[in-house]
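Heads up, the thing below is written out as structure tokens.
The values are calculated or read from the model by the stated rules, or taken from the named source; none is laboratory data. Computed from a predicted model, the values in this text were never measured in an experiment. Every residue, glycine as well, gets a Cβ built from its backbone with ideal geometry; the counts of neighbours run over all protein chains shown. We work out accessible area using only protein heavy atoms, side chains counted, and drop any ligands, DNA or RNA first. Shrake-Rupley method; radii C 1.70, N 1.55, O 1.52, S 1.80 Å.
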Amino acid sequence: MRHKLALVSILINIVFGFAQNPIFTSVFTADPSPHVWPDDPNTLWVYTSHDEPGSNNHYGMTGYHAFSTTDLVNWTDHGRILHLENVKWAESHAWAMDAAYYRGNYYIIYCMKEAGIGLFRTGIARSDVPQGPFTDLGYVKGVEFGQDPALFIDDDGTPYLYWGHDKKCFAAELNDDLMSIKPETYIELTSQLTYVFEGPWVHKKDNKYYLTYPGLTPRRWPEKMFYAVADKPLGPYEFKGLFIDDFEGQSGTNHGGTVTYKGKDMMFYHSAWLSGGLSETRSVMADYLKYDKKGNIIPIVPSKKGLGNAKRTKTTLKLEAENGFAAGGELYNVFVDTYIKGYSGKGYVTNFDNPYDHVSILAQVAKPGKYRFKVRYASPEGDSNHDVLINSHEYSEFVFSQSKDFTEIDFGIVNLKEGDNLVRIFKKDWNPSEGNLAIDYIKLEQVFEDEE
Ligand code: FUB
């Protein structure tokens with residue numbers, strides 16, 4: 001029956017060309033953590049770990065991205081939101097993560113290996129905006145071998161942490177500052193979660209707690225997704241069964257979470273579809289999640305169609321100039337200001353006083369490709385002559401004409417290379433009569449072959 005359903009779904013996709021999976025085709029992503037934040041029910045956020053193109057292993061993973069959408073088709077990649085370089089205590093393995101809204105701030109919780117020891121720790125970082133960047137606060141005390149953390153805030157505001165790897169799963173209530181567990185609540189859930197391997201995730205539906213996780217059956221790899229249900233966040237959990245079997249083009253791992261967006265339940269997970277089957281070069285997927293009358297999850301068959309009827313999804317990288325080093329960029333002899341109103345994010349970069357003063361902005365992509373390049377700027381005092389470089393190759397000397405308010409200009413289509421691209425805007429000559437440029441953000445919009 002399952003194979004017949006899969007065949008029907010493949011035929012529908014071929015006939016109609018629906019293909020919203022994988023969701024993010026601009027950058028390799030894994031371990032998705034989907035959320036709708038309380039102050040904005042119209043926006044869906046997905047936080048992910050990042051696979052480096054060309055590496056095809058998990059050891060070189062270094063950072064995380066945040067994505068948002070309001071229509072499930074057009075997505076914004078807000079760029080790098082945290083990197084190993086921003087976490088003093090860590091040395092490697094920026095593996096799976098989760099996000100939460102708690103007492104007026106946004107948090108991401110992630111695992112990295114502690115410098116000098118190589119032990120997995122569960123790190124926590126905070127931002128006052130959902131798109132980050134996030135500032136590391138340290139690692140959560142009381143969590144040993146803290147791989148694959150998930151932070152679940154219950155309806156009464158109590159924070160719970162789940163984590164686990166290598167056929168083990170643990171949970172505990174967190175203290176109010178989220179920086180340590182309450183030792184008396186610590187529990188090992190392994191024996192309640194048949195086949196568990198790693199990646200726990202908890203969601204609540206109809207007053208039941210659903211713990212979903214990647215597991216290995218005795219047939220072993222690749223991972224399949226299982227779930228268990230409880231009346232309380234810390235269990236006891238009753239094992240319910242499989243809900244995503246292994247599938248064509250899967251990565252060796254699977255990992256993900258659930259969200260309810262505009263009244264519909266969705267499951268986010270990952271595959272190796274974008275890389276053409278490179279197991280550790282993954283891409284985020286999503287399909288609708290349905291329950292039967294008894295509250296059992298109806299197994300999901302990963303579909304090309306995904307969450308809608310569009311021919312494909314489209315991602316625009318929107319990179320705030322003021323995020324600087326925290327997002328992989330650089331501010332050289334310029335500073336962040338908020339004086340000109342109407343900026344996006346937390347401000348803009350200005351004070352390009354001397355030749356070579358510049359802002360560099362990091363754009364990470366999976367494959368070489370074409371992107372429409374836009375810059376939002378203001379130049380209230382007059383025209384500003386600057387150089388705009390992408391990876392030192394694409395070069396354009398550009399006059400940002402006088403504009404009192406922020407305005408977006410379109411530089412046309414540019415080529416990005418696989419991996420890290422640096423966009424640099426710098427002051428060319430010493431010309432004190434020029435106005436002082438303010439750079440708000442850059443945008444790089446995916447351009448597909450049939451759109452050129
Ligand atoms: O992404 C790195 C690791 O692969 C995660 O921590 C695991 O859950 C698996 O998805």
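Below are the figures for this structure:
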quantity	calculated
Filtered residue count, the stretch 292-303, keeping only those that are surrounded by 18 or more Cβ atoms within 10 Å (Cβ to Cβ) and either over 18 Å from Gly199 (Cβ atoms) or within 16 Å of the ligand (Cβ to nearest atom) (or both)	2
Hits in the stretch 180-225 - residues which are touching a Ser or Thr at 6+ places or on another chain (Cβ under 8 Å), of a type in the set (S, T, N, Q) and more than 16 Å from the ligand (Cβ to nearest atom)	none
Subset of the stretch 79-104 that is assigned to a strand (DSSP E or B) and in contact with a Ser or Thr (Cβ under 7 Å, 6 or more places away or on another chain) - its residue that is nearest to Ile442 (Cα to Cα)	His83
Residue within the stretch 126-134 that is under 21 Å from the mean Cα position of the chain (by Cα), assigned to a loop (DSSP other than H, G, I, E, B), at pLDDT 95 or above and among the hydrophobic types (A, V, I, L, M, F, W, C) present	yes
Condition broken by Glu280, with the remaining ones in (1) without any contact (Cβ under 8 Å) to a residue 12 or more places away in the chain; (2) of a type in the set (Asp, Glu); (3) surrounded by 20 or more Cβ atoms within 10 Å (Cβ to Cβ) satisfied	(1)
Residues of the stretch 43-80 classified as β-branched (Val, Ile, Thr) and within 16 Å of the ligand (Cβ to nearest atom), total	3
Residue that is most open to solvent (accessible area, probe 1.4 Å), among those in the stretch 34-53 that are in a loop (DSSP other than H, G, I, E, B) and in contact with an Asp or Glu (Cβ under 7 Å, 6 or more places away or on another chain)	Pro53
Residues of the stretch 92-107 satisfying the condition of being in contact with a Leu (Cβ under 9 Å, 6 or more places away or on another chain) and within 16 Å of the ligand (Cβ to nearest atom)	Ser92, His93, Ala94, Met97, Asp98, Ala99
Residue identified as away from the ligand (no atom under 16 Å from the Cβ), in the same structural domain as Tyr209 (by TED's automatic domain parsing) and of a type in the set (A, V, I, L, M) among Leu289, Leu331	Leu289
Unmet requirement for His255, which otherwise passes all of (1) open to solvent by less than 10 Å² (accessible area, probe 1.4 Å); (2) in contact with a Pro (Cβ under 7 Å, 6 or more places away or on another chain)	(1)
Test: Tyr110 is surrounded by 20 or more Cβ atoms within 10 Å (Cβ to Cβ), away from the ligand (no atom under 16 Å from the Cβ) and within 20 Å of Met179 (Cα to Cα)	no
Criterion: in a loop (DSSP other than H, G, I, E, B), open to solvent by 30 Å² or more (accessible area, probe 1.4 Å) and out of contact with any Asp or Glu (no Cβ under 8 Å at 6 or more places or on another chain) - qualifying residue of Phe247, Phe239	Phe247
Every residue from the stretch 59-78 that is in a strand (DSSP E or B), of a type outside the set (Ser, Thr, Tyr) and surrounded by 19 or more Cβ atoms within 10 Å (Cβ to Cβ)	Gly63, His65, Ala66, Phe67, Trp75, Asp77, His78
